[in-house]
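One structure follows; several queries about it will come next.
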Amino acid sequence: MKRRGFVSGSAALAAATLATPAIVRSAFAAASVKPIGWDITPPTDSRENFIAWGRTRGEDPVFLGERWDRFQALVKNKDIWSPATIRAFLLTPREEFAAVNPAIHKRAYEHNFLDIGYGVTMSGPHLQGRMTNVLDIQRTDKVLEIGTGSGCQSGYIANLTENSYTIEIIKPLADRTRGVYDKAIEKGYTEFQHIHTKQADGYYGWEEAAPFDKIIVTCGIDHVPPPLLQQLKSGGVMVIPVGPPGAQRVIKIAKTQGADGSITTSREDIYGGKIVPFVPFTKLEGDKIVGSHNR
Ligand SMILES: C[S@@+](CC[C@H](N)C(=O)[O-])C[C@H]1O[C@@H](n2cnc3c(N)ncnc32)[C@H](O)[C@@H]1O
């Protein structure tokens with residue numbers, strides 16, 4: 001895909017710093033950002049240094065400050081801890097994904113799930129952070145996400161590996177989020193080029209791309225879909241909300257293969273038993289969404 005040439009955001013920055021906060025945000029919404037390579041890590045020593053670094057890149061200083069503050073809260077709450085996940089959080093612009101709904105755009109870094117239309121939500125940063133960090137994604141890992149939604153979760157994954165796959169069941173939402181990635185790539189967030197997107201029923205996984213080192217499920221179901229477990233590599237890890245409607249627990253499943261070839265799985269609740277409600281894991285019949293996959 002062709003990307004527009006990089007244009008420094010400094011002119012917009014100079015104009016915007018003199019303007020009201022509302023104008024600062026809109027001036028930066030149109031600006032380009034400098035693409036970031038795997039060798040670059042943003043400063044984590046102070047808020048000021050992080051914002052100064054991000055401003056040089058061409059990002060909005062207001063959102064940068066909010067990203068920093070949320071990062072601090074995530075670390076304090078033990079939702080993220082590994083340097084790779086921290087880097088991914090600091091590089092991923094939640095505001096680009098929240099921009100689809102003007103009512104939530106400025107709330108992108110709140111400790112909340114947010115309404116993105118179509119009856120579904122963008123998960124909150126603490127939950128996304130913890131589920132991502134538990135997966136311990138390595139640079140070479142192939143990762144599958146079920147439930148693209150806003151696209152934000154796969155944005156984090158794209159800052160951890162170049163092999164990410166995401167499936168969304170709602171066709172107009174899948175199309176809209178594809179557009180969000182394309183716009184962001186054109187703006188300079190070139191890491192999103194590596195996200196493979198598809199509109200389908202994620203219950204059946206992504207057979208042609210399997211097996212996966214890691215699988216993240218972002219919709220709730222009362223059992224672990226057998227096709228997903230099958231498409232998880234031996235030695236792989238899945239995080240999935242399992243339980244009755246509106247009352248799931250977020251489970252980490254590790255799959256291992258014994259010397260005799262037998263497959264075993266171990267399960268751990270990543271919230272120590274706390275209920276975390278998710279939107280339902282729905283079912284496609286033909287091209288219509290009909291009910292859920294709950295048994
Ligand atoms: C909590 S929301 C989105 C979270 C998302 N990861 C994000 O970062 O915004 C869960 C998503 O799962 C999708 N979904 C539900 N059932 C699905 C299925 N069978 N296959 C694929 N996606 C599904 C919903 O449409 C919704 O967009």
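Of Lys76/Lys252; Lys34/Lys183; Lys34/Lys171; Lys187/Lys283; Lys198/Lys233; Lys76/Lys187, which ones are farther than 26 Å apart at the Cα? The partial results should precede the final answer.
On the way: Lys76/Lys252 22 Å; Lys34/Lys183 14 Å; Lys34/Lys171 31 Å; Lys187/Lys283 35 Å; Lys198/Lys233 21 Å; Lys76/Lys187 32 Å.
Over 26 Å Cα-Cα: Lys34/Lys171; Lys187/Lys283; Lys76/Lys187.
Under 5 Å between amide hydrogens, which residues at least 5 positions from Gly236 or on another chain qualify, with H placed 1.01 Å from N in the peptide plane?
Hits under the 5 Å cutoff: Lys255.
How many angstrom lie between the C-alpha centres of region 230-295 and region 65-144?
Distance between centres, Cα-based: 20 Å.
Would you work out which of Met131, Asn294, Pro93 lies farthest towards the positive end of the dipole of the chain, given +1 charges on the beta-carbon of Lys and Arg and -1 on that of Asp and Glu, about the Cα centre?
Pro93
If you count the DSSP beta bridges with both ends in the chain, what percent of them are antiparallel, to the nearest 5?
45
Let me ask another. Enumerate the whole-percent occupancy of each 10 Å bin, from 0 to the last occupied one, for all C-alpha pair distances of the chain.
6, 28, 36, 20, 8, 1, 0
When a/c is below 1.5 the answer is rounded, else prolate if a/b is larger than b/c, else oblate, so apply that to region 87-191 with a ≥ b ≥ c taken from the square roots of the Cα gyration tensor eigenvalues. List each step's numbers first, then the result.
Details: a/c = 1.42, a/b = 1.29, b/c = 1.10.
Since a/c stays below 1.5, the shape of region 87-191 is classed as rounded.
With helices defined as uninterrupted DSSP H runs, which ones in the chain have an alpha carbon span along their own long axis of at least 27 Å and mean Kyte-Doolittle hydropathy of at least -1.0? Numbers along the way, then the final one.
Working: long enough: none.
Helices meeting the criterion: none.
May I ask you to compute the full-extension gain from Asp222 to Thr44, defined as 0.36 nm times their residue separation minus their alpha-carbon distance, rounded to one decimal in nm? List each step's numbers first, then the result.
Working: separation 178, 0.36 × 178 = 64.08 nm, distance 3.95 nm.
That pair, Asp222 and Thr44, stretches by 60.1 nm at full extension.
Let me ask you something else. With a ≥ b ≥ c taken as the square roots of the eigenvalues of the C-alpha gyration tensor of region 139-295, please select rounded if a/c is under 1.5 and otherwise prolate if a/b is larger than b/c or oblate if it is not?
Oblate.
Show the residues, 5+ positions off or on another chain, whose built amide H is closer than 5 Å to the amide H of His196.
Ser164, Tyr165, Thr166
For a quick check: with amide H placed at 1.01 Å from N, whose amide H comes under 5 Å from Phe212's, ignoring anything fewer than 5 positions away on the same chain?
So Phe212 has HN proximity to Leu232, Lys233.
Provide Cys152, Cys219 in ascending order of the number of other Cβ atoms located within 10 Å of each residue's Cβ, fewest first. Please list the in-between numbers first.
Details: Cys152 26, Cys219 23.
Exposure proxy ranking, most exposed first: Cys219, Cys152.
FYI, it's all coordinate maths here, none of it is from the lab. Quick caveat, the model's predicted, so the values are computed rather than measured. Cβ sites come from the backbone with ideal geometry, for glycine too, and all protein chains shown count toward neighbours.
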